[in-house]
Amino acid sequence: MDASIAEQRRRALAAADEVVRAFADLSPDEVHRRPAPGEWSPWEMVYHLASAEVWWVAKLCEATAPDRHVATARLLDLWRTLRTAAFEYAGELDPGRLDQPGQLTGVPDWTPRILLESFVTHAQEHAQQLRDCHGAAAPPEQT
């Protein structure tokens, strides 16, 4: 590994540790408290960090791959890893909250049930787009 990349990696890991330490002692009330009007709450910061991280990792998959074919495989692997993690979390959903709106940032009318269904249909729609590009038949219905 190039020395400058090794240094960037070291700094990135140290910054991640720094962020985790900064969040470690927050109380439930502090998570949503803004330090000043117009500034982000800890919740908004961590939400941003998680969202941005996906973008950064996707860009690194692209930058480090020798070609788009390899980058595609890496991005699919990343996507599948994130999906698997998401459904690990989904297993923790309280059935009593499945149909309650107002729990999700940015989509106040969505419920967890709508979120889960959207997860499924979004992937299905793109799979169909890919089949249409290549004239492939849809897979048999799974039970």
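Every number here is computed from the coordinates shown, using simple stated rules; none is lab data. This structure is a prediction, so every number in the text was calculated from the model and none was measured. We place every Cβ from the backbone using ideal geometry, glycine too, and count neighbours over all the protein chains shown.
Here is how the numbers come out for the structure above:
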{"item": "Identity of the residue in the range 116-143, within 16 Å of ARG83 (Cα to Cα) and touching a helix residue (DSSP H, G or I) at 6+ places or on another chain (Cβ under 9 Å), that ends up surrounded by the fewest Cβ atoms within 10 Å (Cβ to Cβ)", "result": "ALA123"}
{"item": "Where GLN8 falls short, out of the listed (1) surrounded by 11 or more Cβ atoms within 10 Å (Cβ to Cβ); (2) outside any helix (DSSP H, G or I); (3) over 21 Å from the mean Cα position of the chain (by Cα)", "result": "(2)"}
{"item": "Which numbered condition ALA63 misses (of (1) closer than 24 Å to LEU13 by Cβ; (2) surrounded by 12 or more Cβ atoms within 10 Å (Cβ to Cβ); (3) among the small types (Gly, Ala, Ser))", "result": "(2)"}
{"item": "In the range 21-50, the residues that are assigned to a helix (DSSP H, G or I) and surrounded by fewer than 10 Cβ atoms within 10 Å (Cβ to Cβ)", "result": "ARG21, ALA24, PRO28, ASP29, ALA50"}
{"item": "Residue satisfying all of: in the range 101-115; over 19 Å from ALA85 (Cβ atoms) and of a type in the set (A, V, I, L, M, F, W, C); surrounded by the fewest Cβ atoms within 10 Å (Cβ to Cβ) among these", "result": "VAL107"}
